[in-house]
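Here the structure comes first, spelled out in structure tokens, and everything after it is commentary.
The values are calculated or read from the model by the stated rules, or taken from the named source; none is laboratory data. Because the structure is predicted, anything quoted here is derived from the model rather than measured. Cβ sites come from the backbone with ideal geometry, for glycine too, and all protein chains shown count toward neighbours.
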Amino acid sequence: MTQESSDVVTFEADGSLYAILVSRVQEILDLRPIAPMPNAPAHLLGIIDLRGENVPVVDLRNLLGLPPSPDTPQTRILVVWMVSGQDRAIIGIRTDRVIEVTCLDEPELRPMTEAGLLQWTGGAVAGIGRRKGEVVSVLNLDKLFTAVPVVPVQPRMDAAE
């Protein structure tokens, strides 16, 4: 089964090329201060203020199981919308670098049919495309967090106990 794509925003994480459908991108921001949240999971960097609204920012590298990397002058925050159940949420995704708004070489996304054989669900990937011949993983924002393991917060034990 293939999926049709339209215009996409391409971006990098750890040297690999990813994309999100343009229709899901609200805006692209230069890096700005992110207020950390207490006891947040590793993928949640914190909150930014966007014209008076609190927008949570997640680390794409962490969500994709990639090693951390320091911010650079090219680091950007993609402000996108996603759906979870009946709710629509606006989130920021920190990326290494936004490349361009473009069309893929072919409008059709191909699934990775070998995913099951390789013991990989691949739910966060809507399909594989190409841009100028280079492989592009098009992300499915609505399933991006399904692969994130939920780790319960352990109560902290003080030395006095």
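Points worth noting:
- Unmet requirement for Leu109, which otherwise passes all of (1) modelled with pLDDT of 85 or more; (2) in a strand (DSSP E or B); (3) not acidic (Asp, Glu): (1)
- Top-ranked residue in segment 29-76 [being under 17 Å from Val98 (Cα atoms) and charged (D, E, K, R); ranked as surrounded by the fewest Cβ atoms within 10 Å (Cβ to Cβ)]: Asp30
- Residue list for segment 18-73, restricted to those being of a type in the set (A, V, I, L, M), under 15 Å from the mean Cα position of the chain (by Cα) and outside any strand (DSSP E or B): Val22, Ala42, Leu60, Leu63, Leu64, Leu66
- Identity of the residue in segment 77-114, loosely packed, with under 14 Cβ neighbours inside 10 Å and of a type in the set (Val, Ile, Thr), that ends up nearest to the chain's Cα centre (by Cα): Val83
- The C-beta contact set for segment 125-143 (first residue more than 10 Å from Asp105 (Cα to Cα) and touching a residue at least 40 places away in the same chain (Cβ under 8 Å), second residue surrounded by 15 or more Cβ atoms within 10 Å (Cβ to Cβ) and charged (D, E, K, R), distance under 8 angstrom, 6+ apart or interchain) comprises Leu141/Arg24.
- Scanning segment 12-23 for residues that are in contact with an Asp or Glu (Cβ under 9 Å, 6 or more places away or on another chain) and over 16 Å from Asp105 (Cα atoms) gives Glu12, Ala13, Asp14, Gly15, Ser23.
- Filtered residues of segment 27-41 (kept if under 21 Å from Phe11 (Cα atoms) and among the hydrophobic types (A, V, I, L, M, F, W, C)): Ile28, Leu29, Leu31, Ile34
- In segment 1-17, residue modelled with the highest pLDDT [restricted to those that are among the acidic types (Asp, Glu) and more than 14 Å from the chain's Cα centre (by Cα)]: Asp7
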